[in-house]
């Protein structure tokens, strides 16, 4: 078989995968960049902001392996993806009824639990629809499409905030800005979950039985997995010191409008869109570990340098 024939037989992601990914990230872009801002506008303290972010991280960190193992056991991914997408994004609409930061923390914890069903099963679903050899290229293309839609949704939300008073009665003036984006998130989540059921899932191999390994055992054995977990924990711990303060700096210290918050989030997305495909192809050539090392170390120093200059300016 020639090299051309081998290239022609490479599996590529179908269009409905791109559509589901784009819709999901569009819904994500409508609300996620503004959640911390929503909490700040609600009058949350620094402790409540920290608790809010922690609750959002606990469920995905703990339950994703369990949901992934359960889908492996059943041999189906689509039901998990559809259910997690539908319920997780519909919960965003309920955020509008949170009266206190504590209520918001509870609702966000439930939403994070529901979305933790979708995350590992979605990755497993699309992983079975493409070849390992061109996985970086395919995931890079998918990242570009989904990032562009997320960016469009974020800017769209920022623009809507300036005109929300035209169609929404103002019970609490600050809350009006969030009504339509949160409502659209729930609607798009329903549509995305229904379309996900049309994806032709790779049939399970009856001879390929997977069992979820004992976490204590795999962490007690020296190896790459334990080292990777250690690096991830250290990085997440370091970043957790700064994340709760970003929204406060933007909203209170710098006085950002929602449109300016949207543009700040959009700048990061633009860089993701610009370089995802190139770095995806590069990771196919040089490996994943060098790319992770590059992405974790030098840019952090540059970010802190730029942020310190901006804060001194203001």
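The values are calculated or read from the model by the stated rules, or taken from the named source; none is laboratory data. Computed from a predicted model, the values in this text were never measured in an experiment. Please note: Cβ atoms are built from the backbone with ideal geometry, for glycine as well, and neighbour counts cover all protein chains shown.
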Screening 251, 227 for residues that are at pLDDT 70 or above and surrounded by 13 or more Cβ atoms within 10 Å (Cβ to Cβ) leaves only 251
Test result for residue 55, in a helix (DSSP H, G or I), touching a helix residue (DSSP H, G or I) at 6+ places or on another chain (Cβ under 6 Å) and farther than 21 Å from residue 192 by Cα: yes
Output for Cβ contacts, cut-off 6 Å, separation at least six or different chains, first residue closer than 26 Å to residue 118 by Cβ in region 39-60, second surrounded by fewer than 19 Cβ atoms within 10 Å (Cβ to Cβ) and modelled with pLDDT of 85 or more, reads 55/109
Restricted to region 67-78 and to residues being touching a residue at least 40 places away in the same chain (Cβ under 8 Å) and part of a helix (DSSP H, G or I), the residue surrounded by the fewest Cβ atoms within 10 Å (Cβ to Cβ) is 73
Among residues of region 117-133 being farther than 16 Å from residue 193 by Cβ and part of a helix (DSSP H, G or I), the residue modelled with the lowest pLDDT is 127
So, first residue under 17 Å from residue 178 (Cβ atoms) in region 253-272, second residue modelled with pLDDT under 75 and part of a loop (DSSP other than H, G, I, E, B), Cβ within less than 9 Å, six or more apart or across chains; the pairs are 257/162; 258/162; 259/162
Residue check for residue 34: in contact with a helix residue (DSSP H, G or I) (Cβ under 6 Å, 6 or more places away or on another chain) and farther than 27 Å from residue 138 by Cα
no
Take residue 261 and decide whether it is within 23 Å of the chain's Cα centre (by Cα), at pLDDT 70 or above, assigned to a helix (DSSP H, G or I) and within 22 Å of residue 56 (Cα to Cα).
yes
Check: Could you say whether any residue in region 230-239 is in contact with a helix residue (DSSP H, G or I) (Cβ under 7 Å, 6 or more places away or on another chain) and at pLDDT below 75?
Finding: yes
Among the residues of region 131-160, the number that are closer than 22 Å to residue 64 by Cα and touching a helix residue (DSSP H, G or I) at 6+ places or on another chain (Cβ under 6 Å) is 4
